[in-house]
Every structure is written in structure tokens, then in C-alpha cells.
Amino acid sequence: MKIGITCYPTVGGSGIVATELGLALAEKGHEVHFITSSLPFRLDDSHTNIYYHEVSVSSYAVFQYPPYDLALASKMADVIKEEKLDILHVHYAIPHAVSAFLAKEMVDGNVRIVTTLHGTDITVLGDDPTLSNMIRFSIEKSDIVTAVSDDLIRQTRELLHVKKDIHTVYNFIDERIYHPRATVNTKKELQIKDEQKVLIHISNFRKVKRVDDVVRVFHLVQKEIDSVLLLVGDGPELPIIRQLVKDLGISDRVRILGSQKRVAELLSISDVKLLLSSKESFGLVLLEAMACGVPVVGTDIGGIPEVIEDNVSGFICKLGDIEDIAQKTVELLEDERLHENMAIAARKRATVDFHKQKIVHQYEVLYERALHDK
Ligand code: U5P
């Protein structure tokens, strides 16, 4: 098939999954055309069957705001026509599915539009009355719609009253990157003693990630267990978190590492991963941790319980219940046998249930269906 892919190339989990999907489809022999504003992260090497079409937005004085959505639609229309695309797979309804609809109308083409909902487009924008009609329209006008968790489908129906069929296709990770790695010097380099346990949190440090809860949980855990907390990523909450770490007097035990590329290496020295968000449609970082054999403790929110099996590959806890989360984390770190069993179960779940080939195949089946239903 000839498949176009549009995503936010640099934004969190959705951009990474869309890029990995494109690479995997190209490896399977499909012709993949990325139509994005910049080269997606991880696409910097040359790859067979992959083409890149850059969307550039002109900034004429007459425009108060550069018309990215229109420039994207125009580029999509060109690529659909020139490359004879069968499928245009857009990640995020707003603005990508709207631009795709416009592009299809422009070329009067047979291209089928597949839209994947990743979360923010529904859980944040879906609540905005100025956008919700537009989001509903773009979903209804797509030929096939997928979402990254059952919970996201539930929320889409609840917030937007969408009637269209939506298929759950979970996220996946590249197991060639995420696996337990031999790390000789990483602990030493981060001034962590061999016997110290390592807790890790990775996110974009936005309010919904509740990193303050992570720090408060760690504050309790380190009173019981000799341990260190790694904070990975950057975002608006980071200054507040830095201050909280100071106020709690645990600066010597918290390593604030900022944005990191070596996530798999840092996970490989970690004993438990915490994701205590108040909104999370999937949580790619959970899957990455599990694939590296790291048990996860998460909140009972959004798609998190669809990724972690409670008491098997980790623990699901009530949002904001710091004491319970700390107690379960201590239990996991103290009981070696429990930890080993959960680490094995976590890795198995990530590599079997969320296996890349399995998920990529689910998308291929949906593409075939879209073409068949023409
Ligand atoms: N990420 C990094 N480095 C960072 C912070 C995050 O590579 O410093 C990556 C995570 O590894 C994950 C994505 O792949 O960004 C965030 O996905 P999500 O959990 O927001 O879906």
C-alpha cells in the first residue's frame, strides 16, 4: 500500500508511535510518505520505502496567524495526487484529520482517511466548546478511527457524543531499543551506590503528570529504604518540583536529569517506575519500562489500568493516595521474590501483548478494511 502519515513530529508518545509505525510499515514493504512540519525524531537516517514531505508555512503580513492547517491540507492534496496514496493516516484529530478531509475534497480522490486519537485531542480539546464540534466532525468524516485505549473511546463518546465506530489499537515500542541493558557505569556516573534502589519517573512535567505526588511518595519510601529517585524529562512544572525536593530535604537523593535520550539505559538501572498522572490515555513510558523489565506503579486513571495488570506486572493505586502508593512501592522493593515475578510479568506483557508486529498488523487490517469499504 501507499500510506501517508501525518503526526506532530516532536510531541511525546504520539509522534514516536506514528514514526515507529511508519518505519515498521516500510520494513514490511509498504511505501510510506511522512507529511509533517519537520523531520520526525528517529527518522534522521535514510530508510528504504520512506519519503518525507515537509510542510512549510508562509508568513505573509496579511496573516495574523500562520495558516499551518491550510498549508498541511495543501501539501497533503499534492502528495495524495502525485504519489497516488491509498491511505492517509493522521495522528490527532485536530488539526490533522480536518486538514486530511479538506485535502481529500480538494483532489476528489479515493484516498481513505484513518485517524488515530491519542488523548489530548479529546481529553483537553474535547472540552473546549470552540473546538468540540470540529473534532466531532473530523472523526465522523474519517473512514476509520482508532484510539490508543478503550478508556479514550469511552471519553470520546462521553464528551463528544460521537456515534462512529472507534477501534482500540494500543501503542507499541521498538524492542530493539527497549530491553534490559547491561549497564556497567550508569549507577556510578549518577553517584548511586550499588546497593541503593532506584525509582524513576519520566514525563513532560505537566500538571496532569502529578510529579509532586511522585516526589511525595519518594519522600516516604526513602525513609524506609535506601533509595534514589531519577526524574527524567522537562516541562512547566520542573521549577516547582525542584523547590519541593529542596523543601522536603531530599536533594541528595533526587537526580533531576532533564530531557534524556538514553531512556532505555536509565530504565535498565531502575527498580520501579512511577506514573501517577490524573490524565493519561495510554502512557507509552509504562510500556517502555515494562519492556526493560521494570515493574510499574500507576494510578487508576485513563488507559493506565489497560497497560498494567494490577498485582501482576505492577500496582494500580488510587489517584493521590500517597501513603498507599508509598506502601506498595516499599513492598515491591523489599520483597525480592515479588519484584522478580513482577519484572518478568512486566517484560512478558510488554513484549507479547503489545508486540510491535501484532499492533502493526492491526493497523494493516484496518487499512485493508478502509480500502475494501470504498
Ligand atoms: N521521553 C524521552 N526523554 C525524556 C522524556 C520523555 O525520550 O526526557 C519520551 C519517553 O521515553 C516516551 C515519550 O517515549 O517521550 C513520552 O510518551 P508519553 O508517556 O507522554 O506517551
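The values are calculated or read from the model by the stated rules, or taken from the named source; none is laboratory data. Everything numeric here is computed off the predicted structure, so don't read it as measured data. Methodologically, a virtual Cβ is constructed for each residue, glycine included, from the backbone with ideal geometry; neighbour enumeration extends over all protein chains shown. Please note that ligands, DNA and RNA were not included when accessible areas were found on the heavy atoms of the full protein model with its side chains. Shrake-Rupley method; radii C 1.70, N 1.55, O 1.52, S 1.80 Å.
When residue 65 is tested against (1) over 11 Å from residue 115 (Cβ atoms); (2) open to solvent by less than 70 Å² (accessible area, probe 1.4 Å), exactly one condition is not met: (2). With respect to the conditions (1) open to solvent by 20 Å² or more (accessible area, probe 1.4 Å); (2) within 21 Å of the chain's Cα centre (by Cα), residue 169 falls short on a single one, namely (1). Listed by position, the strands (runs of 3 or more DSSP E) inside the range 28-104 whose residues that are in the same structural domain as residue 147 (by TED's automatic domain parsing) and more than 22 Å from the chain's Cα centre (by Cα) number at least 3 are 50-54.
The rows are residues; the columns are (1) under 23 Å from the mean Cα position of the chain (by Cα); (2) over 22 Å from residue 317 (Cβ atoms); (3) among the aromatic types (Phe, Trp, Tyr).
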residue: 188; (1), (2), (3): no, yes, no
residue: 197; (1), (2), (3): no, no, no
residue: 205; (1), (2), (3): yes, no, yes
residue: 239; (1), (2), (3): no, yes, no
residue: 250; (1), (2), (3): no, no, no
residue: 266; (1), (2), (3): yes, yes, no
residue: 285; (1), (2), (3): yes, no, no
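Taken over the range 1-30, residues that are more than 14 Å from the ligand (Cβ to nearest atom) and of a type outside the set (Val, Ile, Thr) amount to 12.
Here residue 148 clears all of (1) over 15 Å from residue 90 (Cα atoms); (2) under 18 Å from the mean Cα position of the chain (by Cα) except the condition numbered (1).
I'd like to check something: does the range 89-99 contain any residue that is among the hydroxyl-bearing types (Ser, Thr, Tyr), within 16 Å of the ligand (Cβ to nearest atom) and out of contact with any Ser or Thr (no Cβ under 6 Å at 6 or more places or on another chain)? Yes, the range 89-99 has at least one match.
Quick one: would you say residue 32 is of a type in the set (Val, Ile, Thr), closer than 24 Å to residue 112 by Cα, in contact with a Leu (Cβ under 6 Å, 6 or more places away or on another chain) and at pLDDT 95 or above? Yes: the conditions hold for residue 32.
Could you say whether any residue in the range 31-53 is within 16 Å of the ligand (Cβ to nearest atom), in contact (Cβ under 8 Å) with a residue 24 or more places away in the chain and open to solvent by 50 Å² or more (accessible area, probe 1.4 Å)? Walk me through how you get there before you give the answer.
We begin by selecting, within the range 31-53, every residue within 16 Å of the ligand (Cβ to nearest atom); these are 40-44.
Within this subset, residues satisfying the condition of being in contact (Cβ under 8 Å) with a residue 24 or more places away in the chain are 40-43.
Adding the requirement that they be open to solvent by 50 Å² or more (accessible area, probe 1.4 Å) leaves 41-42.
Yes - at least one qualifying residue is present in the range 31-53.
In this entry, residue 226 passes the filter for residues that are surrounded by fewer than 22 Cβ atoms within 10 Å (Cβ to Cβ), more than 16 Å from the ligand (Cβ to nearest atom) and under 30 Å from residue 325 (Cβ atoms). Residue check: residue 110 meets all listed conditions (1) at pLDDT 95 or above; (2) open to solvent by 10 Å² or more (accessible area, probe 1.4 Å); (3) not in a helix (DSSP H, G or I) but one, namely (1). Residue count for the range 68-94 under the criterion of being open to solvent by 30 Å² or more (accessible area, probe 1.4 Å) and over 24 Å from residue 30 (Cα atoms): the result is 3.
So which residues in the range 169-197 are β-branched (Val, Ile, Thr), within 16 Å of the ligand (Cβ to nearest atom) and touching a strand residue (DSSP E or B) at 6+ places or on another chain (Cβ under 6 Å), if there are any at all?
Correct list: 169 only.
For the range 233-284, the candidate set comprises residues that are of a type in the set (Gly, Ala, Ser) and open to solvent by 50 Å² or more (accessible area, probe 1.4 Å); within that set, the residue that is farthest from the ligand (Cβ to nearest atom) is 249. Annotation for the range 134-141: at least one member residue is touching a strand residue (DSSP E or B) at 6+ places or on another chain (Cβ under 6 Å) and either closer than 21 Å to residue 91 by Cα or buried (at least 22 other Cβ atoms within 10 Å of the Cβ) (or both).
Taking the criterion of being surrounded by fewer than 13 Cβ atoms within 10 Å (Cβ to Cβ) and without any contact (Cβ under 8 Å) to a residue 40 or more places away in the chain, the residues of the range 332-357 that qualify are 335, 336, 337, 340, 352.
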